[in-house]
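Colleague: Before anything else, here's the structure in question.
The values are calculated or read from the model by the stated rules, or taken from the named source; none is laboratory data. Small disclaimer: the values here were computed from a predicted structure and weren't measured. Backbone-built Cβ (ideal geometry, glycine too); neighbour counts: all protein chains shown. Remember, those area values only see protein heavy atoms, side chains included, never the ligands or the DNA or RNA. Shrake-Rupley method; radii C 1.70, N 1.55, O 1.52, S 1.80 Å.
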Amino acid sequence: MTDAALVEIIARMSAGVLCLLTSAVLLLNARRSLAARLGALFGLGAAAYMICASPTMRDLLGIWQHVIEPLGWLDGVFFWWFCLALFCDQYRFRAAHLLPAIPILILVPLQYTVSDPFWRDAMTLIKQSISVILFLHATYFALLSLKDDLVDTRRRFRVVIAVSVGLSAVILMGLEIVLRGSAAETAYLVGSALWLLALSFAFALWALRASPEMFVDRKEVRQHHDSEAAIAAIDPVDRPLLARLEAAMQAGAYRETGLTVGKLADQLKTPEHRLRKLINSGLGYRNFSSYINSHRVEDAKEILADPERARLQILQVALDLGYGSIASFNRAFREATGEAPTSFRRKALMAD
């Protein structure tokens, strides 16, 4: 065994152990959090990938590679699930989220039965292409609503996970495809192993120090929004700001299309970070859009239940409330009430 192969094995084994440690820590802190459980699953898949990405490691594993390697193949799917659950407070795991895993699971047994190198490489390329798409989408999703996130630790983590994990995975998979079988493959394997070890160490430290506020069960998100107990617990220093915020909401500030926390902070003449903290820690909202939607949906319910406005189109209601499209209005209304605006209006008018 060459020195390069030995360095690679040590680095990959160490990275795998750190990933397993991260999974264990996330499971211990999971409580009822789906995001933490999916994070633990991602750590398990990452450990499998660390170990089985190297031909040398697969040879050492022997028959055990057939047990471990499929988990590594699914790591892109696990990462995608983790990001969706972590960065979307109302995320629900649906059957459609299993779709990217199906072609990978079909390819797993074929990979071990097909002997033709061309078809084996083709199957590997398909699997890696699916993973690249999922990593890119997870990265895009993490950055998409960055400014909307009111949880400070989670907002910073969005950037970290997007750059370090998402882009690293895409770059490494691309290099693996390009350099496979070339003279530079050995250098790539050693370099990628050391980089993955560094990432694994960083995320193990993060898991040990992760704030509990990052992992909240979906059912707990709305528990204390605007409750008297929550408002009473707000720091007296922030009470004047709360009064200005409530006055702005009563005046209909939430109806402004494209309203952001930065724009609202400017209107209230207060630093953005202070307004973020008030809405998050004081009122219990984890996303600025959730706070704005809570006011918009209450208005929408009143409008839709009004017989005198029964002929007002749903699209017009959405636009009047500040939504940029009827799709975003329908989604927000359904999340808040459990039904579509048209269904709510029909029931409300029939009750009258």
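Colleague: Please find, within region 22-55, the residue that is farthest from residue 179 (Cα to Cα) out of those that are open to solvent by less than 40 Å² (accessible area, probe 1.4 Å) and of a type in the set (S, T, N, Q).
Modeller: 33
Rundown of residues vs (1) more than 16 Å from the chain's Cα centre (by Cα); (2) in a helix (DSSP H, G or I); (3) farther than 30 Å from residue 149 by Cα, yes/no style:
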| residue | (1), (2), (3) |
| --- | --- |
| 8 | yes, yes, yes |
| 11 | yes, yes, yes |
| 27 | yes, yes, no |
| 42 | no, yes, no |
| 45 | yes, yes, no |
| 59 | yes, yes, yes |
| 64 | yes, yes, yes |
| 70 | yes, yes, yes |
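Colleague: In addition: Please enumerate the residues belonging to region 267-298 that are assigned to a helix (DSSP H, G or I) and either among the hydrophobic types (A, V, I, L, M, F, W, C) or open to solvent by less than 30 Å² (accessible area, probe 1.4 Å) (or both).
Modeller: Quick first cut of region 267-298, residues assigned to a helix (DSSP H, G or I) only: 267-268, 272-282, 288-298.
Scanning region 267-298 gives 268, 275, 276, 278, 279, 280, 282, 288, 291, 292, 296, 297.
Colleague: Among the residues of region 279-308, which ones are of a type outside the set (Val, Ile, Thr) and over 22 Å from residue 90 (Cβ atoms)?
Modeller: Of the residues in region 279-308, the ones of a type outside the set (Val, Ile, Thr) are 280-291, 293-296, 298-302, 304-308.
Selection gives 302, 305, 306, 307, 308.
Colleague: What pairs come out if I take residues in region 195-213 that are free of Cβ contacts under 8 Å to residues at least 24 places away in the same chain and among the hydroxyl-bearing types (Ser, Thr, Tyr) and pair them with residues that are open to solvent by less than 50 Å² (accessible area, probe 1.4 Å) and part of a helix (DSSP H, G or I) whose C-beta lies under 7 Å away, six or more apart or interchain?
Modeller: none
Colleague: Looking at 312, 304, which one is more than 30 Å from the chain's Cα centre (by Cα), at pLDDT 90 or above and either open to solvent by less than 50 Å² (accessible area, probe 1.4 Å) or on the phi > 0 side of the Ramachandran plot (or both)? If you could, list the steps in order and put the result at the bottom.
Modeller: Values: 312 fails: either open to solvent by less than 50 Å² (accessible area, probe 1.4 Å) or on the phi > 0 side of the Ramachandran plot (or both).
Unique residue meeting the criteria: 304.
Colleague: Within region 320-329, take every residue that is without any contact (Cβ under 8 Å) to a residue 12 or more places away in the chain and open to solvent by 40 Å² or more (accessible area, probe 1.4 Å) and give me the one that is farthest from residue 88 (Cα to Cα). Spell out how you get there, then give the answer.
Modeller: Taking region 320-329 first, the residues without any contact (Cβ under 8 Å) to a residue 12 or more places away in the chain are 325, 327-328.
Next, only the ones that are open to solvent by 40 Å² or more (accessible area, probe 1.4 Å) stay: 325, 327.
Details: 325: 20, 327: 17 Å.
Looking at the filtered set, the residue picked out is 325.
Colleague: Right, another one. Suppose the filter is assigned to a helix (DSSP H, G or I), at pLDDT 80 or above, crowded, with 16+ Cβ neighbours inside 10 Å and of a type in the set (Gly, Ala, Ser); does residue 166 pass it?
Modeller: Values: assigned to a helix (DSSP H, G or I): yes; at pLDDT 80 or above: yes; crowded, with 16+ Cβ neighbours inside 10 Å: yes; of a type in the set (Gly, Ala, Ser): yes.
Judged against the criteria, residue 166 is a match.
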